[in-house]
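All remarks here apply to the structure that follows.
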Amino acid sequence: MKRSYLTLIILLFTLIVTNAINSKADLTIQEQTKEFHFDTDSAINRYLSALTIEEKEKSDSYFEGGYWLMIVEFLLELIIAWVFLSLGLSKWIKRILFRFKNVNVKNLFYTIFYLLFAYLISFPLNICVSFFREHKYGLSNMNFGEWLTEDLIGLVLLLIAGSLLIMILFIAIRKVQENWWIWGSGVLTLFLILMIFIAPVFISPLFNDYKPLEEGKIKDEILSMARANGVPAENVYQFNASKQSNRISANVSGIGSTIRISLNDNLLNQCNLEEIKAVMAHELGHYVLNHIYEMIIYFSIIIFIGFAFINWLFKKGVVKYGKKWGVDELSDIGGLPLFILIFSFYFLIATPVTNNIIRSNEVEADYFGLNTAREPDGFASVAMKLSTYRKINPGKFEEFIFFDHPSGKSRVTIAMQWKSEHLE
Ligand SMILES: [Zn+2]
């Protein structure tokens, strides 16, 4: 009898304790649920309101100025073409180059003259836009001498690459005549691939010093993400962009054996580990998802359509004004200003298309980055920091037309949505 009482007491005690533990567990779960409840909208608003009204106005004005600059730059192209064709500069140069028997040499010199003239006539606008405007918005760290040196290096590169490309393109035009635009777009695409291939090795080092990442926790974390995604460690570099500006940035460049990810020192100096990881995971996304190859395919199609457009409009122009301009056919180098004007116009009206192609890859890299770094707050705060040079909260239509990267608001939104669904 005594044993049954004891058994009953033990049983009751066990029941009470178990119940208490269970209810405590319930409570903990309830508490945890309460603690983990995440309000996506207010998190997004918290990030967006971190920007003061003055900062937002400055950022908007810088970015919106870029829309007008697209028009102004095209108008300048129009003036250059007018000087060459209607004012007779083209005919005058052709007369001077008459002594050269070899047509390729003639084309090469004509192109060099054209590029130099276009550079000189654009120079005042160039100074206003790339030097004074950048300084006005606090985006440049270069004095005038440094700026001019870089600008002249750019000009020399343009003269070498541009004149060779035009010379080769005009060989194709003479050889295949009617179907020049099919072969010509092939030539330009191959040239584009060559430029992408040599850029990290021969062009970027002319402007910045590239070196392997400095030893430390940041390097360990970045290379760990790289290894997890099959990106070789020797393909990750850092460079001294602070000599030019305070802009935070990283990129993937090169193709095949020259492909690499580079992050700039502004990113390393202005951001914490979470933010750096978020940015580098995004860049790994471009690398792993083969975006460079995808871009080449898309842009070869755009060039193909563009050349068909030039072929159509150039002929129309020559039929109507050819006599006055002294241009009788496409293989005549004197028509180069018209050729370039039509191509510029084509790229101007294709802006929404090219922006959407680039932006869709950026969105893919954003998601890849969120899933890889798992740093939604790091990603959101970097997206806010990029407001120094990108409008943070554009209209839907505006973002569709003018943005080649998602806006800060779009990025903060996907980061906070990701966070709300992946809390642990
Ligand atoms: Zn990107």
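The values are calculated or read from the model by the stated rules, or taken from the named source; none is laboratory data. Everything numeric here is computed off the predicted structure, so don't read it as measured data. Positions of Cβ are backbone-derived with ideal geometry, glycine not excepted, and every protein chain shown enters the neighbour counts. We work out accessible area using only protein heavy atoms, side chains counted, and drop any ligands, DNA or RNA first. Shrake-Rupley method; radii C 1.70, N 1.55, O 1.52, S 1.80 Å.
Just a few scattered comments:
- Those residues of the range 162-194 which are touching a helix residue (DSSP H, G or I) at 6+ places or on another chain (Cβ under 7 Å) and free of Cβ contacts under 8 Å to residues at least 60 places away in the same chain, in sequence order: GLY162, SER163, LEU165, ILE168, LEU169, ALA172, VAL176, TRP183, VAL187, PHE191
- Looking only at the range 358-378, residues that are part of a helix (DSSP H, G or I) and open to solvent by 50 Å² or more (accessible area, probe 1.4 Å) come to 6 in all.
- The range 42-84, residues that are aromatic (Phe, Trp, Tyr), closer than 19 Å to TYR119 by Cβ and open to solvent by 80 Å² or more (accessible area, probe 1.4 Å): TRP82
- Residue match in the range 333-355 (condition: touching a helix residue (DSSP H, G or I) at 6+ places or on another chain (Cβ under 6 Å) and within 16 Å of the ligand (Cβ to nearest atom)): no
- Qualifying residue in the range 393-404 (condition: open to solvent by 20 Å² or more (accessible area, probe 1.4 Å), in contact (Cβ under 8 Å) with a residue 40 or more places away in the chain and within 14 Å of the ligand (Cβ to nearest atom)): yes
- Cβ-Cβ under 7 Å pairs, at least 6 apart or on other chains, the range 346-367 side under 18 Å from PHE309 (Cβ atoms), far side within 16 Å of the ligand (Cβ to nearest atom): ILE357/TYR298
- The residue that is farthest from LYS385 (Cα to Cα), among those in the range 120-144 that are open to solvent by less than 40 Å² (accessible area, probe 1.4 Å) and assigned to a helix (DSSP H, G or I), is SER122.
- Matching option when the condition is of a type in the set (A, V, I, L, M, F, W, C), under 20 Å from the mean Cα position of the chain (by Cα) and open to solvent by 30 Å² or more (accessible area, probe 1.4 Å), among LEU267, LEU206: LEU206
- Here is the figure for the range 242-263: residues that are among the β-branched types (Val, Ile, Thr) and either without any contact (Cβ under 8 Å) to a residue 60 or more places away in the chain or within 12 Å of the ligand (Cβ to nearest atom) (or both) total 3.
- Output for the range 271-289, where each listed residue is within 12 Å of the ligand (Cβ to nearest atom) and open to solvent by 10 Å² or more (accessible area, probe 1.4 Å): VAL279, HIS282, GLU283, HIS286, TYR287, LEU289
- Filter result (of a type in the set (Lys, Arg) and within 15 Å of the ligand (Cβ to nearest atom)) within the range 356-384: ARG359
- Of all the criteria given as (1) more than 23 Å from the chain's Cα centre (by Cα); (2) in a loop (DSSP other than H, G, I, E, B); (3) closer than 30 Å to SER387 by Cβ, the one not satisfied by THR149 is (2).
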